[in-house]
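In what follows, a structure is listed as structure tokens, so that the remarks can point back to it.
Read-outs: derived from the displayed coordinates by stated rules, not from any lab. These figures come from a predicted structure and were not determined experimentally. Here the Cβ positions follow ideal geometry from the backbone for every residue, glycine too, while neighbour counts run over all protein chains shown.
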Amino acid sequence: MSLMPYALTRPFLFGLDPEAAHDLTMGSLQRLQNTPAQCLWQQTRVPDPVQLLGIRWPNRIGLAAGLDKNGQCIDGLGAMGFGFIEVGTVTPKAQPGNPKPRMFRLPAANALINRLGFNNQGLDAFVANVQRARSFRAAGGVLGLNIGKNASTPIERAVDDYLLCLDGVFAHADYVTVNISSPNTQNLRSLQSDEALDGLLSALQARRLELSQRHGKDVPLLLKIAPDLDESQVAVIAVTVRKNDIDGVIATNTTLARDAVAGQPHASETGGLSGAPVLQASNRVISQLRAALGPVYPIVGVGGVMSGADARSKIEAGADLVQIYTGLIYRGPELVREAATALAAMRKA
């Protein structure tokens, strides 16, 4: 249990503009991580080790990409008890993202809408930040690095950006995630189609093999997909990842659907909807992937985890590991421990 219950700080943070609250929180974590003040939010990690992708994961609860886009708070976030943390999405060049305001709370639905647009400091700054992190990985934490394309790069040249990012992050990652599913970069989701996906993944796999030989280590490559896919599209993705020897799939990113929040303030804002309303759509895609990929192919489930029961539902749908993001904003570090405890209890049942 952390010394400062999140229930005391949430009213203050929710009184701020969502992006201002995010910047304040992340700035504080960056300044105070690895100092005595870290005890304010630090929690003992729930032990629930699993071997997957050639990696020992200390527990099955991770932080999804998007919260720490620049990899500045790895140790501070790791102190909350995560077994793994994914940072990014990083692009080759720094970019400001979309115009503000671009993040909106929907408290009645335990949800967020964002159209941030891969705002980040660029690959060089990202790698430097990752190299500065020390305590999380020293304690056995697993670090994923999430890569994307610049908004200014034509979709026809997207492969170039992903290859540049893979080159830059490979030596520093425990695994790399290829993000083709954000709704906030124009045409990005078109890379989920059959031919485009095959071209991207074959190029990345060829480069990954070169980098493995150069660095003397193997780094698993995962693909992150959207929840707004029908069963036939999921089947195409399953075939394509198998064909290109991609190591795992992360399901899912945010949704464009608004059925669950229709009529609520900010529901009509453009961008990706995350939080509780995504749970069922994400679980549906996980189940379809599991059916298409077989019983042992690694799947990371993310989307709508607001409780330990939600985390269990991801495993029951077919996921091996679970990530949270919006739930952390609504529930705080307590959710990390609750979810990890729930998954550990599944093994004893």
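Here are the numbers for this structure:
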item	result
Taking the chain and dividing mean pair separation by its residue count, relative contact order in percent (alpha carbons under 8 Å, at least six apart)	17
Theoretical gain in end-to-end length, A125 to A139 [0.36 nm per residue, Cα-Cα removed]	2.6 nm
Region 168-277 - charge dipole about Cα centre, Lys and Arg +1 at Cβ, Asp and Glu -1, debye rounded to 20	340
Environment charge at G301 (Cβ cut-off 14 Å; Lys +1, Arg +1, Asp -1, Glu -1)	+2
Within region 140-201: Cβ-based charge dipole about Cα centre, in debye rounded to nearest 20 (Lys, Arg +1; Asp, Glu -1)	220
For the chain, with +1 on Lys and Arg beta carbons and -1 on Asp and Glu, the positive-most of G78, L143, A173 along the dipole	G78
Distant-in-sequence amide H partners of V302 (H built 1.01 Å from N, under 5 Å)	A251, T252, Q323
Positive-end extreme of charge dipole, the chain - chosen from S313, Q43, T255 (charges on Cβ)	Q43
Per-residue ³J(HN,Hα) for region 195-208, Karplus 6.51 cos²θ - 1.76 cosθ + 1.60, θ = phi - 60°, Hz, x for Gly and Pro	5, 5, 5, 4, x, 5, 5, 5, 5, 5, 5, 4, 5, 4
Under Karplus coefficients 6.51, -1.76 and 1.60, residue-wise ³J(HN,Hα) of region 123-130 in Hz, glycine/proline x	4, 4, 5, 4, 4, 4, 5, 4
Rounded to whole Hz, the Karplus (6.51, -1.76, 1.60) HN-Hα couplings of region 50-60, x for glycine and proline	9, 9, 7, 6, x, 10, 8, 9, x, 8, 9
Distance violations [Cα-Cα > 22 Å] among K149/K224; K224/K314; K224/K348; K243/K314; K69/K243	K224/K348; K243/K314; K69/K243
Proximal aspartates and glutamates to K217, defined as alpha-carbon separation beneath 18 angstrom and excluding residues fewer than eight positions away on the same chain	D167, D174, D245, D247
Sequence of R60, R157, R258, R45 once ranked by neighbouring C-beta atoms within 10 Å, starting from the fewest	R157, R258, R45, R60
Viscosity 1.306 mPa s, 10 °C: Kirkwood-radius Stokes-Einstein D of the chain over Cα pairs, µm²/s	80
Region 276-349 versus region 165-222: alpha-carbon centroid distance in Å	24
Surrounding net charge for K243, when Lys and Arg each add one and Asp and Glu each subtract one, Cβ distance under 11 Å	-2
Neighbourhood charge, 12 Å Cβ-Cβ cut-off, centred on A21 and excluding it, Lys, Arg +1 and Asp, Glu -1	-1
Residue (of I113, A342, Q233) at the positive-pole extreme of the chain, dipole from beta-carbon charges	A342
Magnitude of the charge dipole, region 6-348, Cβ model with Lys/Arg +1 and Asp/Glu -1, debye to 20	720
Interchain or long-range residues, amide H under 5 Å from K69's placed H	G88
